[in-house]
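S.K.: Here it is: the structure, laid out below.
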Amino acid sequence: MHDYIRRPDRHASGRENSTDPEPGGVRIEVQAYTGDIFIDMPANIDLVYMQNVLAVIIQGTQHEHGGNFNNGSKCGADFADGKEFDVFISHASEDKEPLVDELVLHLEKIGVRVWYDKRNITWGDSVREKMDEGLRKARYGIVILSPDYIKDGKYWTKAELDAFFQMESATGKKILLPVWHHLSKNEVLAFSPFIASRNALSTSTKTTAEIAIEVVNIIRTDK
């Protein structure tokens, strides 16, 4: 591992001559000629998340456009196709904390543009108009299927789900990306056999960080 360069604004202290990384900091260095990757990171970092981020970086270096999220894939592309967001998060309000908040955080850390009502609908906005705009401007819809999502009386979740199916029917493209959260196969079947037939990720087998990496993989293969 290479030493960290001490930040010039660091105040004089017992750490002044230390080569330790800044608290919480991660440095990744790729040597152009050898392809070797050097990583300096704190001991308390989420290693599973870091492994998945590195996997995406390695894939990116092999990409024909150089692997830059903002150039080499649809992730972060311009708005020529009218798609300002990579994903729209459809979820029950009860699942915001911590599940959806964590997923959004991981997605944005690796460059995915997310439409999330908690951020994109502000005081005084028309909820319906903002939801329509988000659905229209997102390439994919991540649907967090949970007991609260599928229970009776959930107007907005059912409206969003209907919208995804309508958009898939109109475009012939895969848009809906289901994630099962605290649901069994039988519960999903009882809610919708059609949705149960779709290949889904599950929070019982994948962390939110791992789900975020799967989303990037989908976006990268978007034609």
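The values are calculated or read from the model by the stated rules, or taken from the named source; none is laboratory data. From a predicted model like this one, the values you see are computed outputs, not experimental measurements. Cβ sites come from the backbone with ideal geometry, for glycine too, and all protein chains shown count toward neighbours. Calculation scope for accessible area: heavy atoms of the full protein, side chains included, ligands and nucleic acids excluded. Shrake-Rupley method; radii C 1.70, N 1.55, O 1.52, S 1.80 Å.
S.K.: Mind checking which residues of the stretch 204-223 are among the basic types (K, R) and closer than 15 Å to P178 by Cβ?
M.R.: K206 - this is the single residue of the stretch 204-223 that is among the basic types (K, R) and closer than 15 Å to P178 by Cβ.
S.K.: When the residues of the stretch 161-184 are narrowed to those that are among the hydrophobic types (A, V, I, L, M, F, W, C) and either in a loop (DSSP other than H, G, I, E, B) or open to solvent by 20 Å² or more (accessible area, probe 1.4 Å) (or both), which ends up farthest from S202 (Cα to Cα)?
M.R.: A170
S.K.: Within the stretch 65-92, take every residue that is modelled with pLDDT of 95 or more and open to solvent by 10 Å² or more (accessible area, probe 1.4 Å) and give me the one that is farthest from D152 (Cα to Cα).
M.R.: Ranking the qualifying residues of the stretch 65-92, first place goes to F85.
S.K.: Only one residue in A190, A212 is modelled with pLDDT of 95 or more, within 26 Å of D132 (Cα to Cα), in a helix (DSSP H, G or I) and aliphatic (A, V, I, L, M). Which one?
M.R.: A212
S.K.: Considering E129, E133, E187, which residue is among the acidic types (D, E), more than 16 Å from the chain's Cα centre (by Cα) and open to solvent by less than 60 Å² (accessible area, probe 1.4 Å)?
M.R.: The match here is E133.
S.K.: If I filter the stretch 196-204 for residues that are in contact (Cβ under 8 Å) with a residue 40 or more places away in the chain and surrounded by 15 or more Cβ atoms within 10 Å (Cβ to Cβ), do I get at least one hit?
M.R.: Yes, the stretch 196-204 contains a residue that is in contact (Cβ under 8 Å) with a residue 40 or more places away in the chain and surrounded by 15 or more Cβ atoms within 10 Å (Cβ to Cβ).
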